[in-house]
């Protein structure tokens, strides 16, 4: 999957990722901190995960939201995202 496709995926159907096309067009290319500042918390987390920059993301997230997250695993559970899937062969944009 390409970076922006992963960041703006809203779900999966079989081997297809369902992507929020308008959000990807509007906010694609932004880094995790920029997405956090826009209030796009899940895409921000996905950007940090994809870019392999989770170090420090939890602290930034806590600063922006006031939520205290105890571990990176808890952050993954919060968003339901545990990694970039290897088995996605198609991308469907909606919107």
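Bear in mind that the values in this text are calculations on the coordinates, not laboratory data. Not measured: the values here are computed from a predicted model. A quick note on method: Cβ atoms are made from the backbone with ideal geometry, for glycine too, and the neighbour counts reach across all protein chains shown.
What is the packing order of peptides 36-42, 62-68, taking the mean over residues of other C-beta atoms within 10 Å and listing the highest first?
Top to bottom by mean Cβ count within 10 Å: 36-42, 62-68.
Could you compute how fast the chain diffuses translationally, taking Rh as the Kirkwood radius over C-alpha pairs and applying Stokes-Einstein at 4 °C with viscosity 1.567 mPa s? Give it in µm² per second. Present the calculation step by step, with values, prior to reporting the outcome.
On the way: Rh = 13.5 Å.
For these conditions, the coefficient is 96 µm²/s.
Applying 1/(1 + (r/R0)^6) with R0 = 30 Å to the Cβ-Cβ distance of residue 62 and residue 18, what FRET efficiency is obtained, to the nearest 0.05?
On the way: r = 29 Å, r/R0 = 0.98.
The computed FRET efficiency comes out at 0.55.
Using only Cα atoms and rounding to the nearest 10 degrees, what angle (0 to 90) does helix 41-50 make with the longest principal axis of the chain?
Around 80 degrees separate the two axes.
Sort the following peptides by mean Cβ neighbour count (other Cβ atoms within 10 Å, averaged over residues), highest first: 54-61, 3-10. Mind showing how you got there, number by number?
Numbers: 54-61: 15.0, 3-10: 20.5.
The densest-packed peptide leads the list: 3-10, 54-61.
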